[in-house]
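Okay, structure first, notes after.
The values are calculated or read from the model by the stated rules, or taken from the named source; none is laboratory data. Quick caveat, the model's predicted, so the values are computed rather than measured. Glycine also receives a Cβ, built like all others from the backbone with ideal geometry; neighbour counts cover every protein chain displayed. Ligands, DNA and RNA are excluded from the accessible area calculation, which covers all protein heavy atoms including side chains. Shrake-Rupley method; radii C 1.70, N 1.55, O 1.52, S 1.80 Å.
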Amino acid sequence: MITIKKDRIENIPVLNLSLQERSDEKLPAVFFIHGFTSAKEHNLHYAYYLAEKGYRVLMPDSLLHGERAEGLNESRLSVRFWEIVVTTIEELGKLKNHYTQNGLIDEERIGAAGTSMGGIVTLGALTKFPWIQSAVSLMGCPSYTDLASAQIGSLKRKGYQLPYSDEELNSLLDMLKGYDLTLQPEVLEGKSLFFWHGKQDTVVPYQPAYDFYKSLTESCKPQMRDLQFMPDETAGHKVSREAVLKSAAWFAENL
């Protein structure tokens, strides 16, 4: 049987899943991050498959999402997208410290995964946390600065009044370079990384993730334990069942 505990670490609500008979043990762990406008509960099917394999799955609500929502509509959330992403990354460090200090996760066997915004968070977190040994990006994008520039351009074309000056936007792009995995692929040395992306995705573009994957397969690539990219010819911005099962199998093989 799988148990689900509702934790609150500082101001962060977290679902903590594990096999019931091992719920108080030190376990290998996977942090699973939900997508934009979603919430932690919406990804419980991923957590079930992982917990079934013996992992502790930790699913936080991101800033302004789930139990932390403040009633903002999607347009108002959109202009705070990168604040949400960066805050979620930094909060992963707090969560990891809490669960390791309480003897609930094996510090040598920690993974991270997420869908859409959660995939973006996962890829950025790899630049900050050497303790992430294995990662899964489902519909994510590793090139923060390119994606942010495209989003800003799109919002402006749609007539949104951004609450930032041009100088502040340039500062944002400079800050995001520190989380841009494409600018520091060397952090992947010794790690494993799995991508899944639908080629028909109109929300998070397919090509940047695939181009980065291809660059990692060239002769100058870091020495990674494993690297795979699973494209879906017909999928849009929705993860297939095949990808869900492959994600769980990936961690079983690599973590």
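Side notes on the structure shown:
- Among the residues of the range 1-12, those that are over 20 Å from residue 119 (Cα atoms) and either open to solvent by less than 10 Å² (accessible area, probe 1.4 Å) or not basic (Lys, Arg) (or both) comprise 1, 2, 3, 4, 7, 9, 10, 11.
- Candidates 19, 15, filtered to the one that is under 18 Å from residue 115 (Cα atoms) and of a type outside the set (D, E, K, R): 15
- Cβ separations smaller than 9 Å between residues 6+ apart or across chains give the following pairs from the range 182-203 residues that are more than 17 Å from residue 133 (Cβ to Cβ) to residues that are in a strand (DSSP E or B) and of a type in the set (A, V, I, L, M, F, W, C): 196/136; 196/138; 196/229; 196/230; 197/138; 197/229; 197/230.
- Identity of the residue in the range 97-116, assigned to a helix (DSSP H, G or I) and touching a strand residue (DSSP E or B) at 6+ places or on another chain (Cβ under 7 Å), that ends up most open to solvent (accessible area, probe 1.4 Å): 98
- Taken over the range 50-80, the criterion of being open to solvent by 20 Å² or more (accessible area, probe 1.4 Å), part of a helix (DSSP H, G or I) and closer than 30 Å to residue 160 by Cβ is satisfied by 66, 67, 68, 74, 75, 76, 78.
- Residue list for the range 150-179, filter: exposed (fewer than 10 other Cβ atoms within 10 Å of the Cβ) and at negative phi: 157, 158, 161, 163, 165, 166, 167
- Considering (1) open to solvent by 90 Å² or more (accessible area, probe 1.4 Å); (2) assigned to a loop (DSSP other than H, G, I, E, B), the lone condition that residue 186 does not fulfil carries the number (2).
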